[in-house]
Amino acid sequence: MGQSVTMNGKDAVYGSLAECFITIGDRRYNFMSMTEFESKWEVNITEVPILGKVGMGHKAAGGKGTWSGTAHYNQSVFREMANHYQKTGEMPYFEIQVSNEDPSSAAGRQTIVHRGCLCDTFALAKFQAGEELLDEELSGTFEEWDMPETFNELDGFATN
């Protein structure tokens, strides 16, 4: 049996070292109150009937971006956005930039920029007796994304 290559434990990326910036109009915010974030790009797959085949073919036909996260309940940026929308009918689009970099990992740095973002749920006011910290759930959609920085390929990852 050949010797297999395994990942070094130090190359796992430590999540607390991430950065998150939100840009609304001309204002850019260091969204350091975010404690958890995840974005997904879901590809719509359409079934393709093919004459002479029993099974269906499949084709990518569009996509949809969603994001969600948890933040400390200590800023009003999203509530101000909701207030603006309920008073004017104008929902501002914004940008979310997330970078992951752990200096102890050979993976390096990756940055994803989400454009055309909307927030779909807003916590307006809250309290919970006996709770030490208040947080809020945030979620929404985005229309496109870019990846200006990508992780390095770790040693042993590529096999040819």
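Computed values, structure above
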| item | result |
| --- | --- |
| Region 25-38 residues that are farther than 18 Å from residue 116 by Cβ, paired with ones that are part of a loop (DSSP other than H, G, I, E, B) (beta carbon under 8 Å, 6 or more apart) | 33/74; 33/75 |
| Filter result for the condition that a residue is farther than 18 Å from residue 41 by Cα and at pLDDT 95 or above, over 144, 149, 101, 153 | 101 |
| Number of positions in region 27-49 that are surrounded by 10 or more Cβ atoms within 10 Å (Cβ to Cβ) and assigned to a loop (DSSP other than H, G, I, E, B) | 3 |
| Yes/no for residue 147 being touching a residue at least 24 places away in the same chain (Cβ under 8 Å) and either touching a Ser or Thr at 6+ places or on another chain (Cβ under 9 Å) or buried (at least 16 other Cβ atoms within 10 Å of the Cβ) (or both) | yes |
| Residue that is nearest to residue 111 (Cα to Cα) [pool: residues in region 1-20 that are surrounded by 12 or more Cβ atoms within 10 Å (Cβ to Cβ) and of a type in the set (Gly, Ala, Ser)] | 18 |
| Scope region 10-24; condition modelled with pLDDT under 95 and either in a strand (DSSP E or B) or over 16 Å from residue 151 (Cα atoms) (or both); matching residues | 16 |
| Pair list, Cβ < 8 Å and 6+ apart or interchain, from region 74-101 residues that are in contact (Cβ under 8 Å) with a residue 60 or more places away in the chain to residues that are of a type in the set (Asp, Glu) | 97/19; 98/19; 99/19; 99/149; 101/19 |
| Of residues in region 83-115 being of a type in the set (A, V, I, L, M, F, W, C) and surrounded by fewer than 16 Cβ atoms within 10 Å (Cβ to Cβ), the one nearest to residue 11 (Cα to Cα) | 106 |
| Unique match (being surrounded by 12 or more Cβ atoms within 10 Å (Cβ to Cβ), touching a strand residue (DSSP E or B) at 6+ places or on another chain (Cβ under 8 Å) and touching a residue at least 60 places away in the same chain (Cβ under 8 Å)) among 118, 154, 134 | 134 |
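The values are calculated or read from the model by the stated rules, or taken from the named source; none is laboratory data. Here the structure is a predicted model, which means the values were calculated and not measured. Every residue, glycine among them, receives a Cβ derived from its backbone with ideal geometry; neighbour counts consider all protein chains shown.
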